[in-house]
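Notes follow once the structure below has been shown.
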Amino acid sequence: MSQFWSPAVRSLTPYVPGEQPVERLIKLNTNENPYPPAPGVGQALRDYATDHLRLYPDPTSRALRQTLADTFDVDLEQTFVGNGSDEVLAFAFQAFFCHGAPLDAPAITYSFYPVYAKLYGIELRQHPLNAQWEVDLDALTASAARSGVILANPNAPTGHAHSLENIEALLKRVPDRVVLVDEAYVDFGADSAVALIKRYPNLLVTGTFSKSRSLAGLRLGYAIGSPALIEGLQRVKDSFNSFPVDSLASVLGIEALKDQAHFDACRNHVIATRERTRERLEALGFEVLPSKANFVLTQHPDFQGAQLFAGLRERGILVRHFNTDILGNFLRITIGTDDEMDSLMEALESICR
Ligand code: PMP
């Protein structure tokens, strides 16, 4: 606490990201991709003419957005890019949810949403998950006045994904406010709501290059929505930073989007490893929530989450443990390579034995 801080800064509760360790650990704590980005990304990096760095980047990121538009089969005017999807989410909160009414969100979801809500003075109305640990879409829309609805699909950290039919039913119930569907993990087996964009002008879908495109270090995220929503995001962006996406990130992002074969191979590998990991965890007595993401949320009836976390850490494996009442007994385990998951299972076997 400092006398120099404004009251607003004093009252913030900043988001705490998963640890980025300096030691060599098997890192299964922040849902990064275990496989490298598309080969074209490395080639573009080697070919990049550093003289380009003299100049400011294109403030509209047109080339990257056009590639995104081609990838998702939407128009350029329906795309927005930013410095990681966290930034895109922050812009969206400011652009769409500052209406003076509560924002509806699940009680268990991406823990950055409450942080942004507080930053912008938005009341967050959080609704418990149902008995199956699924986002309760009916509860999300049960109250009347709202500034919008936000959910992650697949949800984090549970991994459950709703069908497009369910998302569409939600959209029908909230025609007058923005429904933001955060699809950070959608490429690991869920259906994207981008297919609904043309019919629902209030739908904003966000996504990231950090997970399925293996570019967490580059910081690239995007939004797809109706031109009016995209313009809203641009207005906030251009009141904050004209150039959130640098020239190099644009070039590398384009290469990542262009390589569909690499993208499919990596995500299918992660999905296969996830299913195998789930079976092995269950064989060891763990309860594993069904996941359409590149992680699983799991708990063991005989061991506490903190105990398992510490045991794994001692054995050089880092997973995510949330120290909360509801999630305290769980571990969220990112799906790594097959070798990494073998090491995880060996460590868990030795702890649980
Ligand atoms: N949404 C969800 C649900 C996430 O888990 C994450 C990653 N922590 C993000 C958005 C942000 O991803 P990034 O800023 O790397 O694009």
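Checking the Cα-Cα distances for 258/292; 27/198; 118/292; 118/258 against a 32 Å cut-off, the pairs over it are 27/198; 118/258. The helix-only estimate of mean residue ellipticity at 222 nm for the chain, built from DSSP H runs of length n ≥ 4 each weighted as -39500 (n - 2.57), is -11000 deg cm²/dmol after division by the residue total.
The stretch between residue 49 and residue 248 holds 70.7 nm of extra length on full extension. This uses 0.36 nm per residue minus the Cα-Cα distance. Only alpha carbons enter this Debye calculation for the range 39-259, each as an equal point scatterer, and the log10 of I(q)/I(0) it gives at q = 0.07 Å⁻¹ is -0.21.
The amide H of residue 103, built 1.01 Å from its N in the peptide plane, has 123, 124, 125, 147 as neighbours under 5 Å, considering only residues 5 or more places off or on other chains. The modelled label-to-label distance between residue 77 and residue 349, using points 7 Å beyond Cα along the C-beta direction, is 6.0 nm. Using the Cβ-Cβ distance between residue 20 and residue 228 with R0 set to 41 Å, the FRET efficiency from 1/(1 + (r/R0)^6) comes to roughly 0.60. For the pair residue 304 and residue 272, label points projected 7 Å from Cα toward Cβ lie 4.0 nm apart. Of all accessible surface on the chain at a 1.4 Å probe, what whole percent is carbon and sulfur? The nonpolar share, carbon plus sulfur, comes to 52 percent.
When the dipole is taken about the Cα centre of the range 236-324, and only Lys, Arg (+1) and Asp, Glu (-1) are charged at their Cβ, what size is it in debye, to the nearest 20? List each step's numbers first, then the result.
On the way: 11 positive and 11 negative charges, 22 e Å.
The calculation lands at about 100 debye.
Calculated FRET efficiency, residue 284 to residue 166, Cβ-Cβ distance, R0 = 30 Å: about 0.40 to the nearest 0.05.
The calculated FRET efficiency for the pair residue 138 and residue 315, based on their C-beta separation and a Förster distance of 56 Å, comes to about 0.85.
What's the center-to-center distance, using Cα atoms, between the range 1-74 and the range 246-269 in Å? Centre-to-centre (Cα) distance: 14 Å.
Think of a 1.4 Å ball rolled over the protein heavy atoms: the chain then has 45 Å² of accessible area per residue. Karplus-derived 3J(HN,Hα) values for the range 90-106, using 6.51 cos²θ - 1.76 cosθ + 1.60 with θ = phi - 60°, are 4, 4, 5, 4, 6, 6, 10, 10, 8, 9, x, 10, x, 9, 7, 8, x Hz; glycine and proline are entered as x.
The values are calculated or read from the model by the stated rules, or taken from the named source; none is laboratory data. Given the structure is predicted, the values throughout are model-derived calculations rather than measurements. Note that we place each Cβ from the backbone using ideal geometry, even for glycine, and neighbour counts take in every protein chain shown. In case anyone asks, the SASA skips ligands and DNA or RNA and just uses the protein heavy atoms, side chains included. Shrake-Rupley method; radii C 1.70, N 1.55, O 1.52, S 1.80 Å.
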